[in-house]
Amino acid sequence: MADDVHEIEDRILAYVRAELLASGETVGREDDLLSELLDSVAVLRLAGFVDQEFGLTTRPQDFVVENFESAASIARYIRRSHTARQGG
Amino acid sequence: MSDGLTHSQLQISIGQRLHAGAPLYNMAFAFVFPGDSEPLDVERFQRAWRRVAGASDALRTRLVELPGGGIRRGSPGPAPETQLVVLEGTDEDSFLVWARERCAGALALAGPLVDSVLVPFANGGIGWFLNQHHLVADAASTQCLYRLVAEQYEALRTGEERPVEIPSYVETYDAQLGRPAPGADEHWQARRGRSGRRVELYGLVDATGTQSVRHELRLGDERSQAISRLAGEPGFVSLSHDLSRFVVVATLLSAYLHRVSGGAEELGFDAPVAGRVTPDAKHTPGLFIEMFPFASEVRSGDTFRDLGARCLEEAMLFLRHAAPGLSSPSGAEAGNVVLNFIPARFGDFAGRSPRIEWLHPGHGDSVHMLRVQVHDFDGRGTTLHFDWNEHALPERLRCRSLRHFEALLDAALADPDSEIASVDVCTEEERRAFAILGNTRDSRLPDRTVVDLFWEQSERTPDRVALRQIDPHGAVDEEVTYDELRRRVDGLSARLIQDGVAPGDRVAVPGERTIDSVISILGVLRAGAAYVPVDPAYPETRRRHVLEDSGARLFLKQLPDLSPWLDESTSSERPNRPGLDDLAYLLYTSGSTGLPKGVLVEHRGLADYLGWASRRYVRGDRLTFPLFTSLSFDLTVTSLYLPLVTGGTLEIYPQPEGPVDTALLDVVRRNAVDFLKLTPSHLSVLRRAGLGGSRIRRMVVGGEDLKTPLAAAVSSQLDDRVEIHNEYGPTEAVVGCVAHLYDPAVDMDGSVPVGMPADHVQIEVLDEGNLPVPEGVPGELWIARGGDDWDGLARGYHGLPEQTAEGFRVCAEGRRRYRSGDRVRFARPGVLEFLGRVDRQIKVSGFRIEPGEIESALLEAPGVAQCVVVARPRRGIADAGTVARPAAGSRDVRHCVRCGLPSNYPRATIGDDGVCSVCRTYERVHEHAQAYFRTMDDLESVFAAARRRRPDAPYDAIMLYSGGKDSTYALCRLAEMGLRVLAFTLDNGYISESAKANIRRVTEQLDVGIEFATTPAMNAIFRDSLERFSNVCNGCFKTIYTLAIRRAHELGVPLVVTGLSRGQMFETRLTEEMFRGGRIRAEEVDEAVLASRKAYHRVADEVSRSLDTSLFRSDEIWSEVEVVDFYRYCDVSMEELYAYLRQTVPWVRPEDTGRSTNCLINDAGIFVHTAERGFHNYALPYSWDVRMGHKTRDEALDELQDEIDESSVLRILDEVGYRPAAGAEHVTLEAFYVADIKERTDPETLRNHLSRHLPSPLVPSHFHLVEEIPLTPHGKIATEALLASVAVAASEGELPHEPPDGPVEEYLAELWCDELAVENVGARDHFFQLGGTSLLAMRVMLRLCEEFDIDLPLEAAFSHPTLRDLSRVAEDRILADAEGL
């Protein structure tokens, strides 16, 4: 299970590093993406990536700090959404 | 391609170049460090600044202006210094004054682009003025610069000097590019093409010039905090606080735009995106922002929170797709409103917190009408700026705009769940100014009924003629003096009273125009009862409904013998004399729910109207009025009573035998009246009939929108010696309540204004929420008539309390107001403009029609399950007025024996020898004209010079490439010359497939690049072109030139090459005037061509509205991009050209267009042009092809006489949405229905069914059986889609089509097509079944008689309604006339 989470986090971080960060910039699983690293545009593009990559449809009301604060919180959000969908 | 500028800079540089020297992109700040804090060390500040400026390539930017007007990046200059300016005795206030002045100066592009100044104050404080050109800065950049300088200042103070490291602006910027978000292109394309991009603010859309005025609103702590709180609530809250606050502001702005646009639902604005994606970018001074379109939709009933949720969703899409480098580079298709929400907070400066003021340089980008800036730089609370384009909106409106916004802001903060429509945005001042009351002071109150007024008049002028009956031949039949009339009226009233008629009763009177009818009306009134006219033209069921519904006590079908009563009736003190509160009449108008409703008008309202109308129109004169319209028509009230209360004469014109009422023409023919009250439809009949020599001097036009061209035509027929009063008023507000005297010198555009209220009338313009709209904003007109203690409006609808309550509302002050359903706006104080209906009501010839009434009747027909009735605007042609319609190739047309130019081409004549004047002129001048042409060697030199001018250009030229033979040949030759050419094709949506295939094959084989340009505005441009020129080509050409020159500019390409043929050059520029002195000077032609090119691209039309034509505002573009005509340099015969193409490229002659062009829309242009202008628009061009040897005369004639497939033309015209300008007056009613039982619902059955129940104007001309009634996404009936789903076909298939035969039938068929806007009329077709009306019949007869110089009774159109029958009548008359000679 933890591996799954880590794998999701890694895919997110790989995208962030490749697409949204300047070269040489580093970012970790728990690093705060919102206040330090990414601005709104970048986060929205990240959200687009998450939707596409993990088959979600992020609704406006899901766009809250808790869900997008860090790679770890995004991974939790993805898992929650998947579970909710399976449960539903 | 960008001359070293970044994508963001490109946009700004274009705007700056258009307005060279205007400080529109100055970003200036004043930082005020007050005297009570620790003083700043000037020298240390300057050192800190120097260190930062030296490390930033952005601040050291220098630009080089290129000779062609372009801008490129130069090598960085030295670091700009912070100057010290000492002004004697300066304090904070005088510093700000100085700073504002300084920021209005332009910064030289050669640099420095930054102006930094310290100004010490007398009290020890200091001011820092920082002005940066937007090319090197944005708000975040300024914040970054501020922080960097502060850090360095602090480091210098503590001695911990650190090296300053700032990433390179250019590198950081470019590093962000090339990573677009998926779907971004599609998203922005959809956003740019969406309607609502240019919002109508206060009825206006366009900005002019760069002058801009800033209006400021400081929100203060309380409101700033309330916004923050709201940003945390559901519907607004999002990822970050800044984003949530942006959503709040976007919501408020959307609500504001909705309200000041008159309730527009689709709205939008442009908003900048920071564009700083990487962390490096966040620490780099320089310009990163880009503008993207934000779409907003406000729905009826929305609360602020509803709208917020939608804005939140859009904000997500907006940000998700806003990748760097994706904005429209030239600012093309920009919106006219900008929302600039700036989250930047500057923070402390070395322990001090300066007050920060953003200075406005007094200029802004000229495409923006309004820029809304929201910021809180110094943490002292949110500030709002409305930067208005100064010339777009009058000052009083600009000043009020913030109040309107504030009202919405406060409402949203107080309760986000309140409805947006419930907020009263108007200022007290506006409420006072725009609830306009007509004259109340020196106008007499209605104190006597029309009965009393007539009585007094009859005593003053007993022997004057009151009524004059005219017989059907225009001779006087009977005259009645005032005294006699009064005696008969008195007699009748005595008889009625004896029969038991009592006050409050309704008595039906016949609608026929006779002396007896007038006596009946007056007699009923005199007896204290109200009259109900019953129109003889109505179907039986409708007349029965009127009689039953009104509860008429009796129907005075015929006057009784009055002789026993005549002598007793001398006293004016008879019983039952009506009072002002009594009912005067009941008129029936179309009711939306199915049955006509009776409007109850009281004496007070009638007397009030007549009093005002006498003062305004009659002014004490004795005038003769005609009675020629139906007595059941509200409009007729004016003519009926005005003469009788002013001592004039009423001439009564009966309805001639037969179904058509042509009394109007009898009025004109007899020429015995001074005054006419009529509808615009009547007026257009008069225009055709001709009014020369008429004694009419006063006209009152009402019932429909009056267009200025019609008013102008009629006025000039009467040598402008006629007063034309445009009178507006619904029956419910009593005949007329707003009026405007037409002034031919002033009223030139669109419609004649409806003017200002009549005496005692008060008008208000309210929005959907029944709140007053601000000045300029469209809204619904509400009308009150009366004073503090009296009410002159109609009493209501008879027996319909609900509809009465709906239509007549009591407002807060206790006064009743009538809701007109008409959409209007105050164009300026005192000028009310009519804009249309708020509901579905239609007017046909002044007749009010509620589609709902027709639908209800139709639903009663067996087998009809569902139905909708819509008005199709008539396709043009009909009201062209002066234009006859000889079809191309029709019998009377001759052709020049040399070139085939037809004789209907208006600007040429054909001589006795059969040679046209164009050929003759050409014969004289063509030798000399050779001086204009050049050789291919010259063309080489043109290219060489261009290459020297722009050595770095990616192409030598852009070639306008239509795919036709001429441009293909030209393209091949250019490629053969080894030139680097980019082929450029406008895909206007109608290019033939074979032409496109040619284009692809040819460019591929030549290995030439090809770009297909498109614009979402193409159909709008076609429409505009059809309206202006009756063709499609002009709009298309202009679009090609505009887009190609813009593209050349963007790419830095110096030449645009056209494939204009030599014939076209003769046609358009080598005109006879160029040969003054027998020779031609090529330079003179070139100058003239360039001058006209400049003017051509500056004309305000759909191209300039829809495309970015800002390039053409300055002359520089013409030295940057040169337009070259290939065939000026190349002379090639047709044979050579075709032979060359055969050998060189896989080009095939297009066959799917049916003619020698590449474009399928051509036929539509030809059709409209031929119809509206009377000749083929290719007549002249083809004749030049013949003269140049590029076509044979026979080929030209063949193409000119080509059959045009009218059904495909009409489909195309529908697609582009072409409706002729004059068409608004003419509509055809069409019914669409879904049937349960198809067999029982054929059109003929339905038409007969409706004819039994409805007056003829209400019976639709066409009935279409459909599978379902389509709805729009908003759940409304998709009218356009319905109309588009069926082309109007003449025959509905009852009889086999039989083509017209012989000259008269053919002419008449053309005439019908023209007037009825149908196609393919056959000999057996029936005029009225094709949608003909009485007025149209009159026009057809007038034109028919004119064409063949015969005299036919107009009734012939009715007695012989089929084409063949009517033609026989005309032919007989023509023969009879000929024999008589």
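The values are calculated or read from the model by the stated rules, or taken from the named source; none is laboratory data. From a predicted model like this one, the values you see are computed outputs, not experimental measurements. Glycine also receives a Cβ, built like all others from the backbone with ideal geometry; neighbour counts cover every protein chain displayed.
The condition of being small (Gly, Ala, Ser) and in contact (Cβ under 8 Å) with a residue 12 or more places away in the chain holds for only one of B:814, B:863, that being B:863. With respect to (1) within 30 Å of residue B:1087 (Cα to Cα); (2) buried (at least 22 other Cβ atoms within 10 Å of the Cβ), the lone exception for residue B:928 is condition (2). Test of understanding: among B:310, B:345, B:371, B:352, which residue is of a type in the set (Lys, Arg) and closer than 15 Å to residue B:291 by Cβ? Only one candidate qualifies: B:371. Among the residues of the stretch B:461-510, those identified as more than 21 Å from residue B:533 (Cβ to Cβ) and of a type in the set (Ser, Thr, Tyr) are B:461, B:481, B:482.
Screening B:857, B:805 for residues that are farther than 21 Å from residue B:424 by Cβ and either part of a strand (DSSP E or B) or in contact (Cβ under 8 Å) with a residue 24 or more places away in the chain (or both) leaves exactly one candidate, B:857.
Selection within the stretch B:914-937: residues that are within 44 Å of the chain's Cα centre (by Cα) and not in a helix (DSSP H, G or I). The member of this set that is nearest to residue B:975 (Cα to Cα) is B:933. Scanning the stretch B:1311-1335 for residues that are in contact (Cβ under 8 Å) with a residue 60 or more places away in the chain and farther than 16 Å from residue B:1262 by Cα, we see that the one that is surrounded by the fewest Cβ atoms within 10 Å (Cβ to Cβ) is B:1311.
Which one of these is within 21 Å of residue B:280 (Cβ to Cβ) and either more than 11 Å from chain B (Cβ to nearest Cβ) or at pLDDT below 80 (or both): A:57, A:26? Unique residue meeting the criteria: A:26.
Among the residues making up the stretch B:1139-1182, a single one is at pLDDT 85 or above, surrounded by fewer than 23 Cβ atoms within 10 Å (Cβ to Cβ) and hydroxyl-bearing (Ser, Thr, Tyr): B:1140. Restricting attention to the stretch B:289-299 and to residues that are under 26 Å from residue B:769 (Cα atoms) and touching a helix residue (DSSP H, G or I) at 6+ places or on another chain (Cβ under 7 Å), the residue that is farthest from the other protein chains (Cβ to nearest Cβ) turns out to be B:298. Being within 13 Å of chain A (Cβ to nearest Cβ), surrounded by fewer than 24 Cβ atoms within 10 Å (Cβ to Cβ) and either polar (S, T, N, Q) or farther than 30 Å from residue A:26 by Cα (or both) is the requirement here; does residue B:309 meet it? For residue B:309, the condition - within 13 Å of chain A (Cβ to nearest Cβ), surrounded by fewer than 24 Cβ atoms within 10 Å (Cβ to Cβ) and either polar (S, T, N, Q) or farther than 30 Å from residue A:26 by Cα (or both) - is met. On inspection, residue B:318 qualifies as assigned to a helix (DSSP H, G or I) and either crowded, with 23+ Cβ neighbours inside 10 Å or away from chain A (no Cβ under 14 Å) (or both). Taking the stretch B:370-409 as the range and being modelled with pLDDT of 95 or more and acidic (Asp, Glu) as the test, the residues that pass are B:387, B:406. The helices (runs of 4 or more DSSP H) found wholly in the stretch B:180-288 and carrying at least 1 residues that are more than 11 Å from chain A (Cβ to nearest Cβ) and not small (Gly, Ala, Ser) occupy B:184-193, B:220-231, B:241-260. A single entry from B:967, B:994, B:962 fulfils the requirement of being closer than 14 Å to residue B:1044 by Cβ, outside any loop (DSSP other than H, G, I, E, B) and polar (S, T, N, Q): B:967. Those helices (runs of 4 or more DSSP H) of the stretch B:620-726 in which at least 2 residues are of a type in the set (A, V, I, L, M), closer than 26 Å to residue B:1341 by Cβ and without any contact (Cβ under 8 Å) to a residue 60 or more places away in the chain, considering only elements entirely within it, cover B:663-670, B:680-689, B:708-717. Residue B:303 satisfies every condition listed in (1) facing chain A (nearest Cβ under 10 Å); (2) at pLDDT 95 or above; (3) surrounded by fewer than 24 Cβ atoms within 10 Å (Cβ to Cβ) except (1).
Looking for whichever is closer than 21 Å to residue B:341 by Cα, at pLDDT below 90 and surrounded by fewer than 21 Cβ atoms within 10 Å (Cβ to Cβ) here; the options are B:241, B:215. Which one fits? Exactly one of B:241, B:215 is closer than 21 Å to residue B:341 by Cα, at pLDDT below 90 and surrounded by fewer than 21 Cβ atoms within 10 Å (Cβ to Cβ), namely B:241.
Kindly indicate whether any position in the stretch B:1300-1312 is over 23 Å from residue B:1247 (Cα atoms), modelled with pLDDT of 80 or more, charged (D, E, K, R) and part of a loop (DSSP other than H, G, I, E, B). Yes.
Considering each residue of the stretch B:449-459 in turn, none proves to be loosely packed, with under 14 Cβ neighbours inside 10 Å, at pLDDT 95 or above and in a loop (DSSP other than H, G, I, E, B).
Yes/no per residue for (1) within 14 Å of chain A (Cβ to nearest Cβ); (2) crowded, with 22+ Cβ neighbours inside 10 Å; (3) closer than 15 Å to residue B:55 by Cβ:
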site	(1), (2), (3)
B:121	no, no, no
B:134	no, yes, no
B:140	yes, yes, no
B:147	no, no, yes
B:151	no, no, yes
B:155	no, no, yes
B:163	no, no, yes
B:170	no, no, yes
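When restricted to residues that are more than 15 Å from residue B:520 (Cα to Cα), of a type in the set (Gly, Ala, Ser) and over 53 Å from the mean Cα position of the chain (by Cα), the stretch B:450-501 contains 1. Consider residue B:940 carefully, then state whether it is at pLDDT below 85 and either more than 37 Å from the chain's Cα centre (by Cα) or surrounded by 20 or more Cβ atoms within 10 Å (Cβ to Cβ) (or both). Spelling it out, it is not the case that residue B:940 is at pLDDT below 85 and either more than 37 Å from the chain's Cα centre (by Cα) or surrounded by 20 or more Cβ atoms within 10 Å (Cβ to Cβ) (or both). For the stretch B:1040-1054, filtered to residues that are among the hydrophobic types (A, V, I, L, M, F, W, C) and either over 25 Å from the mean Cα position of the chain (by Cα) or part of a loop (DSSP other than H, G, I, E, B) (or both), the residue that is surrounded by the fewest Cβ atoms within 10 Å (Cβ to Cβ) is B:1051.
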